[in-house]
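S.K.: Questions regarding the structure given below will be posed in turn.
The values are calculated or read from the model by the stated rules, or taken from the named source; none is laboratory data. None of the values given here were measured: they were computed from a predicted structure. Neighbour counts are summed over all protein chains in view; Cβ atoms, including those assigned to glycine, are modelled from backbone coordinates with ideal geometry.
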């Protein structure tokens, strides 16, 4: 009886584990099945490097370069804002404030992740974009910059949390050695702790990028959605995710436009997959060393 | 024989726990002084008073006086940075930074603002030579320090301290993670280093104290029981408690 129970539990766990992997594979197959048809309409290079996205003109043009670059510039901006802030917050939490207060503050920062992205979108439209419009004297505040700022806030909890963990896992003996050499706190942080935590910091950045590049609702609301190749942060841009979300409701199931949107999904899937893979490598490298 | 460090009526409390009780001790210059005693007797705590590393522990209170060259260590006005440059410390576990060998040795110079390549290289070579590592490592100074053997790592940690030209080197059970041969090599190194530096070593290994030190101090439950020439302590201890400990009846 007991062996039977063990056998049952083991296999149940096995099935659960396998199912989650099977789902990932099925999703990818589904994307391929729905999206690959576009490549009989537009070549792969024409799709990825095409400069024009006119899906409902005649003949339609399915070049997603503006969308890729739109996602890229918004993500880049978000990372430029979020990484220094994230590192500074993590250092503050783990090295400056006393342990107990740090734990409370960290929980509050992690709460940022619980804000629905559509709420951040509201804030972006109502508060942030008028500010950007006035500061830079633009016709509209709905720009890549607005998207970057809001997405930086969305990525911060992930980034702070992982970097803080990385800093905390730096052995106490490094700190002792550094202080015993007559180093100040700041010297110890900059010269010993941050280098020792570097792989965790890189992993945090990669995961932050993954979070930002896949985000849809906030960017749909606040980046202006112009499918043009961006040349500055102060232009409206359109991201890959926003394109799919905005146009999916209007397409006819199975036509070229529909397939093109799934094609974007494939590209996005591959990008986030690679980013996650790289961040995983960094995290494993860290564990391997410790 | 002049005294480098003079400890008078030193008391230390961890919260309510009285960890050091009225410790009086003179530590001679350019000799090896060992502090022995059973676990928890306060020998590491005493060592950590000398470079104020106990400041990092919350809830520590110290009274009394420690003078190094007539400079008061325990005063709140003491410049910790210059104190710690003068009084270097080697820890129980080798703790090189996760940087290159070279960067480990020159760490002290870098934090005191020296970045001139030629100076750094000269100091690195000199310091590594003093700990007898330079010949082995001269071609791989840019390799990660964590790839070295434990013995090499511990020597590297000593070189890192020496690079700052300290006057006192504190060693907190420096051989406890090393094998017997590596232990002997570190002890040999201490005999060379005592020509230039005053060494204070905490050890739970009585044989090590007998082999490597000139002066031995025996501590028990936070009190300094007896202190004297190593050969006297081990052959003719004055205190019964010291005799019990060194003859193996206790501890």
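S.K.: Residues that are more than 30 Å from the chain's Cα centre (by Cα): list the helices (runs of 4 or more DSSP H) wholly contained in the range A:175-225 that include at least 3 such residues. Outline the logic, then answer.
M.R.: Working: elements: A:185-188, A:198-213, A:217-222.
By residue number, A:185-188.
S.K.: Here's something else I'd like to know. Could you run through the range A:194-206 and say how many residues are closer than 16 Å to residue B:103 by Cα, within 10 Å of chain B (Cβ to nearest Cβ) and touching a residue at least 24 places away in the same chain (Cβ under 8 Å)?
M.R.: Total satisfying the criteria: 1.
S.K.: Here's another thing I want to ask about it. Of the numbered conditions (1) surrounded by fewer than 20 Cβ atoms within 10 Å (Cβ to Cβ); (2) touching a residue at least 24 places away in the same chain (Cβ under 8 Å); (3) assigned to a loop (DSSP other than H, G, I, E, B), residue A:267 fails exactly one; give the number of that condition.
M.R.: (3)
S.K.: Filter the range B:1-40 for residues that are exposed (fewer than 15 other Cβ atoms within 10 Å of the Cβ) and touching a helix residue (DSSP H, G or I) at 6+ places or on another chain (Cβ under 8 Å) and give the result.
M.R.: B:38
S.K.: For the range A:119-154, name all the residues that are touching a strand residue (DSSP E or B) at 6+ places or on another chain (Cβ under 7 Å), outside any helix (DSSP H, G or I) and crowded, with 21+ Cβ neighbours inside 10 Å.
M.R.: Hits for the range A:119-154 are A:142, A:143.
S.K.: Hand me the list of helices (runs of 4 or more DSSP H) wholly inside the range B:47-152 holding 1 or more residues that are under 22 Å from residue B:28 (Cα atoms), at pLDDT below 90 and within 10 Å of chain A (Cβ to nearest Cβ).
M.R.: Filter on the range B:47-152 gives B:80-86.
S.K.: Assuming residue A:243 fulfils every condition listed in (1) in a helix (DSSP H, G or I); (2) surrounded by fewer than 20 Cβ atoms within 10 Å (Cβ to Cβ) apart from one, which condition is it?
M.R.: Condition (2) is where residue A:243 drops out.
S.K.: Now, a different point. Among the residues of the range A:272-289, is there at least one that is at pLDDT 90 or above, buried (at least 23 other Cβ atoms within 10 Å of the Cβ) and under 17 Å from the mean Cα position of the chain (by Cα)?
M.R.: No, because not a single residue in the range A:272-289 is at pLDDT 90 or above, buried (at least 23 other Cβ atoms within 10 Å of the Cβ) and under 17 Å from the mean Cα position of the chain (by Cα).
S.K.: Is it the case that the range A:143-156 has a residue that's away from chain B (no Cβ under 14 Å) and more than 28 Å from residue A:108 (Cβ to Cβ)? Before you say what the answer is, go through the steps one by one.
M.R.: Just the residues of the range A:143-156 that are away from chain B (no Cβ under 14 Å), to begin with: A:143-156.
Subset that is more than 28 Å from residue A:108 (Cβ to Cβ): A:143-144.
Checked against the condition, which is being away from chain B (no Cβ under 14 Å) and more than 28 Å from residue A:108 (Cβ to Cβ), the range A:143-156 yields at least one hit.
S.K.: Next question, about the same structure. Filter the range B:214-229 down to residues that are modelled with pLDDT under 90 and over 14 Å from residue B:41 (Cβ atoms) and give me whichever is surrounded by the fewest Cβ atoms within 10 Å (Cβ to Cβ).
M.R.: For the range B:214-229, the residue satisfying everything is B:229.
S.K.: Report whether or not residue B:15 is farther than 29 Å from residue A:185 by Cβ and more than 14 Å from chain A (Cβ to nearest Cβ). Walk me through it before giving the result.
M.R.: Numbers: farther than 29 Å from residue A:185 by Cβ: no; more than 14 Å from chain A (Cβ to nearest Cβ): yes.
Here the answer is no, as residue B:15 does not meet what is asked.
S.K.: With the structure loaded, tell me whether residue B:192 is closer than 29 Å to residue B:4 by Cα and either within 14 Å of chain A (Cβ to nearest Cβ) or in contact with a helix residue (DSSP H, G or I) (Cβ under 7 Å, 6 or more places away or on another chain) (or both) or whether it fails that test.
M.R.: In short, no.
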